[in-house]
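Visitor: Dumping the structure here so I can ask a few things about it.
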């Protein structure tokens with residue numbers, strides 16, 4: 001991996017949690033960082049702490065202002081902003097639409113704008129914060145599970161299409177991370193994620209290790225690889241195990257899905 005010193009880096013959804021940890025780590029490594037978040041005060045606080053530049057606003061429209069703040073060149077883009085809506089087919093249309101828009105299409109729009117310059121100069125790095133839900137699933141949250149599968153698929157497509165032209169792509173797929181989003185996942189989060197949850201800084205460490213090793217898939221929880229292999233090789237057994245967890249959540253005497261989680265990185269539309 002080339003050093004990120006003096007690289008222009010944009011991190012969306014960086015007002016807290018994983019995004020803030022990524023911004024801090026890139027800044028500590030000498031990068032010039034843009035901190036993006038819908039919450040302008042949170043973005044400003046992280047930027048002041050790290051010596052970065054705050055560019056608040058919607059992750060889907062941040063690139064022009066971010067590019068200007070970095071002097072015209074973005075070397076690394078961290079697509080970290082996301083939303084977590086719960087429920088299944090009964091979830092509201094706007095919950096499904098927001099999940100698709102933020103968790104998938106914001107990545108597509110960023111790549112559309114960044115790729116021409118990256119391909120022209122033969123270098124660029126796209127980092128997608130996906131989730132273990134993109135490799136597996138999340139009990140109680142169909143919009144999140146489906147959109148995160150799509151986010152992983154898009155990152156895979158970017159990597160296989162452009163790696164020979166100097167574009168590096170990484171998909172971060174953590175399980176539980178001690179953030180506000182985990183706090184809001186309720187019974188399912190308590191059962192499935194909280195026992196092995198890691199701090200956001202551990203996710204940033206895993207990314208930098210993966211970048212140094214040239215790996216696409218970044219697993220802050222290494223056990224996720226085994227779960228993904230089990231899902232692929234014996235899907236019925238895997239689904240039976242996940243259904244067992246679903247029944248455990250229901251047996252807690254709460255609704256079968258966690259309380260509605262607050263979005264990460266932008267407001268609901």
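Visitor: Can you go through 43, 27 and tell me which one is farther than 17 Å from residue 129 by Cα, more than 18 Å from the chain's Cα centre (by Cα), touching a residue at least 24 places away in the same chain (Cβ under 8 Å) and surrounded by 20 or more Cβ atoms within 10 Å (Cβ to Cβ)?
Guide: Just a single option satisfies the conditions, and that option is 27.
Visitor: Sticking with this structure for a sec: Restricting to the range 1-16, and then to whatever is surrounded by fewer than 24 Cβ atoms within 10 Å (Cβ to Cβ) and over 21 Å from residue 72 (Cβ atoms), can you tell me which residue is modelled with the lowest pLDDT?
Guide: Here the residue is 1.
Visitor: Taking the condition of being touching a helix residue (DSSP H, G or I) at 6+ places or on another chain (Cβ under 8 Å), farther than 23 Å from residue 225 by Cα and part of a helix (DSSP H, G or I), how many residues in the range 235-254 meet it?
Guide: Count: 2.
Visitor: Within the range 210-224, how many residues turn out to be loosely packed, with under 13 Cβ neighbours inside 10 Å and outside any loop (DSSP other than H, G, I, E, B)?
Guide: Of the residues in the range 210-224, 3 are loosely packed, with under 13 Cβ neighbours inside 10 Å and outside any loop (DSSP other than H, G, I, E, B).
Visitor: Moving on to the next point. Could you list all residues from the range 180-206 that are out of contact with any helix residue (DSSP H, G or I) (no Cβ under 7 Å at 6 or more places or on another chain), buried (at least 18 other Cβ atoms within 10 Å of the Cβ) and modelled with pLDDT of 80 or more?
Guide: Residue satisfying the conditions is 206 alone.
Visitor: Ok, one more. Quick one: in the range 145-161, which of the residues that are out of contact with any helix residue (DSSP H, G or I) (no Cβ under 6 Å at 6 or more places or on another chain) and more than 14 Å from residue 108 (Cβ to Cβ) is surrounded by the fewest Cβ atoms within 10 Å (Cβ to Cβ)?
Guide: 160
The values are calculated or read from the model by the stated rules, or taken from the named source; none is laboratory data. What you are looking at is a predicted structure, and each value in this text was computed from that prediction instead of being measured. All Cβ positions, glycine included, derive from the backbone under ideal geometry; neighbour counts span all protein chains shown.
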